[in-house]
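The values are calculated or read from the model by the stated rules, or taken from the named source; none is laboratory data. Quick caveat, the model's predicted, so the values are computed rather than measured. All Cβ positions, glycine included, derive from the backbone under ideal geometry; neighbour counts span all protein chains shown. Each accessible area value is taken on the protein alone, full model and side chains, heavy atoms only, with ligands, DNA and RNA left out. Shrake-Rupley method; radii C 1.70, N 1.55, O 1.52, S 1.80 Å.
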Amino acid sequence: MGNVCGISIWSPRLDDNGNSVRGVRVAEELGKLMKFHPFDMTTDKVDITLPKNRAKHTSMQNVMFAVSSDDIKFLEAEVKKASSSLNFADYDQRTALHVASAEGRPQIVDFLIKNKCDVNAQDRWGGRPLDDAKAFDGGNGHPKVIEILEAAGAKSGNVEHKMKWNYVDEGNEMTKDAIVATLYAAADGDVSTLTTLSAQNVNLFLPDYDLRTSLHLAASNGRAKALEYLLKQFDGDRAALATERFEDRWGASPRDDAIREKHPKCVEMWDKFLGAQST
């Protein structure tokens, strides 16, 4: 495959056409598992041109964005796929039920519960879906969602979830794919993928459904090299990094994340970049 890889298969026994019998068999089996042909449009094979787990991550995040946008039809189509599951967690251990509860989507919350999503799953901060449902509107919450969750046995994670912002869907599918690739790369400290995305003119600073950015993920996971690279790529007003533009759903900045997760090197790097005195 041009610019991807080369595969050599050898076996001494030949068929009537002079091809290796076992080699042909191996190639046929590989073709069932992986996408080698540029016109192969199947969605259940491994695309070896993409970074590890990219297809899986994209599928998961499509569900999360659909939940945020109240797209029940997309979710209904997903559960009909034999290999699909709605019970997964992202880089922050956030589940579809967390996001649906935060956004106040009673129909989707009910749908997810009926499809065996864990009503007591805990995210990075120990928060559960019920905490998200209660945090809306200064603690007034989403009454209908709370009712559905409690009826299903949901419990509070006993964490203080003060919600400041809600997700607004303003992106197209290509934009969402870029967000998925960028945030997972930042979370994993994959500077190579971030560099490739930047070379493709991808905006490295777009937020996800929880308004989390690559900067949040790099800082949260202590990925100092990734954070350094991202800061160097930021060509906007540096002061904007310390404004509400870079706050997540709960009003936390990347610097707040680095402090909370005890990554002093990331805090120091952030302060130095913004020209602030490190504290």
message = So in region 175-194, with the set limited to residues that are surrounded by fewer than 22 Cβ atoms within 10 Å (Cβ to Cβ) and of a type in the set (Ser, Thr, Tyr), which one is farthest from residue 221 (Cα to Cα)?
response = 175
ask   = Is it the case that some residue within region 267-279 is surrounded by 14 or more Cβ atoms within 10 Å (Cβ to Cβ) and in a loop (DSSP other than H, G, I, E, B)?
value = no
query = What single numbered condition from (1) touching a residue at least 40 places away in the same chain (Cβ under 8 Å); (2) open to solvent by less than 20 Å² (accessible area, probe 1.4 Å) fails to hold for residue 148?
reply = (2)
query = Which members of region 58-76 meet the condition of being among the polar types (S, T, N, Q) and either open to solvent by less than 20 Å² (accessible area, probe 1.4 Å) or in contact with a Leu (Cβ under 8 Å, 6 or more places away or on another chain) (or both)?
reply = 61, 68
task = Go through the residues of region 215-238 one by one and say whether even a single one is at pLDDT below 95 and crowded, with 24+ Cβ neighbours inside 10 Å.
result = no
query = For region 249-266, how many residues meet the condition of being outside any helix (DSSP H, G or I) and either over 16 Å from the mean Cα position of the chain (by Cα) or surrounded by fewer than 21 Cβ atoms within 10 Å (Cβ to Cβ) (or both)?
reply = 7
message = When the residues of region 151-171 are narrowed to those that are of a type in the set (A, V, I, L, M), in contact with a Lys or Arg (Cβ under 9 Å, 6 or more places away or on another chain) and closer than 21 Å to residue 211 by Cα, which ends up least open to solvent (accessible area, probe 1.4 Å)?
response = 163
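Please indicate, with yes or no, whether at least one residue in region 110-117 is open to solvent by 70 Å² or more (accessible area, probe 1.4 Å), out of contact with any helix residue (DSSP H, G or I) (no Cβ under 6 Å at 6 or more places or on another chain) and of a type outside the set (Ser, Thr, Tyr).
Looking only at region 110-117, we keep the residues that are open to solvent by 70 Å² or more (accessible area, probe 1.4 Å), and these are 114, 116.
Filter once more, keeping what is out of contact with any helix residue (DSSP H, G or I) (no Cβ under 6 Å at 6 or more places or on another chain): 114, 116.
So of that shortlist, the ones also of a type outside the set (Ser, Thr, Tyr) come out as 114, 116.
Yes: one or more hits.
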remark   = Given (1) touching a residue at least 60 places away in the same chain (Cβ under 8 Å); (2) at positive phi; (3) crowded, with 19+ Cβ neighbours inside 10 Å; (4) not hydroxyl-bearing (Ser, Thr, Tyr), residue 211 misses just (1)
query = If you check 77, 82, 66, which single one turns out to be at pLDDT below 95, of a type in the set (A, V, I, L, M) and in contact with a Phe, Trp or Tyr (Cβ under 7 Å, 6 or more places away or on another chain)?
reply = 66
